[in-house]
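First comes the structure, then the notes that go with it.
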Amino acid sequence: MKKLMMFWVISMLFALNSFALEAKTTMSENIFTIKDVEGKSYTVEALPNGLQFKELQNKVVFLEFFGHRCPPCNKSIPKYIALQKKYKDQLAIVAIEVQGLTTAQTQTFVKEKGINYITISQADAGMLTEHIAARASWSGAIPFLIILNHKGEVQTMQAGLIPEDALANVIETLTKEAKAENNSTKNSKSTLETNTTKK
């Protein structure tokens, strides 16, 4: 029964809201600069079907909207810490605090919780939060997670808690897909070069 439930959760993660971002875009701006609590800047480009974090390319990205007073959000933090540690080469977690903490307060919150992933105050997220709210028809419910593959394509959007095992399976599945695609591209390139050399 547990395995069946896990399969259902993973299936739902990949099926729900996969294309909602593409259909809802109305804003003309498509480049955003955000800054984490350590002062590092990230450039985010709005794609037709997702978001590309320039500094995080070729990684699975978990974009999480959370609040410091939100019990389910706080319950998710240890899970994200563990996932970021385990999949540090494959995963980048970007968490945006949306319950009004300043940059300094968010930085203090990060230190108190031992957070090891990218964390951003709402003020330092600029217009990105509003952009996503418009495109994803996000009502503000938290925690709210958007999962992007290595190309920045939205795989799912989900409000509420998600089991750690289900998220780990998603990371591994998307990582395998990225490797398979990369190998296919390399093989095609190698075949093309070989044919060109023969000519």
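List the residues whose amide H sits under 5 Å from the amide H of residue 159, counting only those 5 or more places along or on another chain, with H placed 1.01 Å from N in the peptide plane.
Excluding prolines and chain starts, which carry no amide H, the hits are 145.
Enumerate the residues in the stretch 62-84 having an amide nitrogen under 18 Å from the point lying 7 Å beyond the Cα of residue 40 toward its Cβ.
Correct set: 62-64, 80-84.
In what sequence do 137, 76 fall when counting other Cβ within 10 Å, fewest first?
Ascending number of Cβ neighbours within 10 Å: 137, 76.
Hey, what do the phi angles of the stretch 146-151 turn into as Karplus ³J(HN,Hα) couplings, whole Hz, using 6.51/-1.76/1.60 and θ = phi - 60°, x for Gly and Pro?
Using θ = phi - 60°, the values come out as 10, 9, 10, 7, 5, 9 Hz.
Per 0.36 nm of contour for each residue apart, how much would the distance between residue 137 and residue 151 grow if the chain were fully extended, relative to their Cα-Cα spacing?
2.8 nm
Figure the gain on full extension for residue 30 and residue 57 (residue separation times 0.36 nm, minus the Cα-Cα span) and round it to one decimal in nm.
Net length gain for the segment: 8.0 nm.
Could you derive backbone 3J(HN,Hα) for the stretch 115-120 from the dihedral phi with the Karplus parameters 6.51, -1.76 and 1.60 (θ = phi - 60°), listing whole Hz in sequence and x where the residue is Gly or Pro?
Values per residue, Gly and Pro as x: 5, 10, 10, 5, 10, 9 Hz.
FYI, it's all coordinate maths here, none of it is from the lab. Predicted model, so just to flag it, every value in this text is computed and none were measured. Reconstructed Cβ throughout: ideal geometry from the backbone, glycine too, with neighbour counts over all protein chains shown.
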